[in-house]
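Structure incoming, see below.
Readers should treat all values here as calculations from the given coordinates under stated rules, not as data from a laboratory. Model, not experiment: these values are computed from the prediction. So basically every Cβ, Gly included, is an ideal-geometry build from the backbone, and we count neighbours across all protein chains shown.
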Amino acid sequence: MQKNAATAEQSNHLAHLAPKMADAARPERTSQLQQVALAKRLRHGDRAAAEELVETYYERVYLFMRAMGHDSQISEDLTQEAFMKAWYHIGQLRDGRALTGWLFRIASNVSRLYWRRHKHESRVHRDGVEPAAGGVDGLTRAGEQEQFAGLHREIARLPWKLKQAIVLHYLDQLTIAEAAQAAQVRPGTLKSRLNRGLEALRKHIIHD
């Protein structure tokens, strides 16, 4: 009975921890109207729009790379590569409302290709990703950092498709539709991967 209660408590904690990580470490979402306006300027070759794209999404794409298991330097390199590819292929973006999902699809492909080329490297980065400072102090902040680091390590160990789904939806807080677009799968498939990924995380955390 006590074991079942502990399992339920840990499962509930896991369900709330990933969104909290995103809230602590990521800037606010870009509205759909902003995406449409920005995409239109990008398609017209507006250099200022390219700079705005980087300013708006750089931290989110960088944190995505970190959560996918890349260290800080590789994450910076891959983030820059993702933006260069986005600028080069902007003509392929037909619907400005899909800008966020489209950009993360490019970032996902960049990350996946990196791991294909470096199959034997560790996918768990040693320099942990910390939540942004502000509002949390002392032992509370230290405890949360430990939880964040532990969850990041477990996420990094997941199979790539499950890890991608968890990171896109829970850490970067893309909608199901945006995350599915980024992963190039149907929304139902994305939901299935989320469920499998959360179940795998729950088992690892409970067993640990």
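Starting from the Cα-Cα distance between residue 47 and residue 113, subtract it from 0.36 nm times their residue separation and give me the gain in nm to one decimal. Walk me through the intermediate numbers first.
Details: separation 66, 0.36 × 66 = 23.76 nm, distance 2.74 nm.
Additional length available on full extension: 21.0 nm.
May I ask you to derive the FRET efficiency for residue 72 and residue 195 from their Cβ-Cβ distance with R0 = 25 Å, giving the value to the nearest 0.05?
On the way: r = 31 Å, r/R0 = 1.23.
Approximately 0.20, to the nearest 0.05.
Using θ = phi - 60° and the Karplus form 6.51 cos²θ - 1.76 cosθ + 1.60, what ³J(HN,Hα) does each residue of the range 175-188 get, whole Hz, x for Gly and Pro?
5, 4, 5, 5, 5, 5, 4, 4, 7, 6, 9, 6, x, x
Let me ask something else. Which pairs break 19 Å Cα to Cα here: 119/163; 40/191; 85/119; 40/85; 119/161; 119/191? Don't skip to the end; give the middle numbers.
On the way: 119/163 16 Å; 40/191 31 Å; 85/119 23 Å; 40/85 17 Å; 119/161 15 Å; 119/191 27 Å.
Beyond 19 Å: 40/191; 85/119; 119/191.
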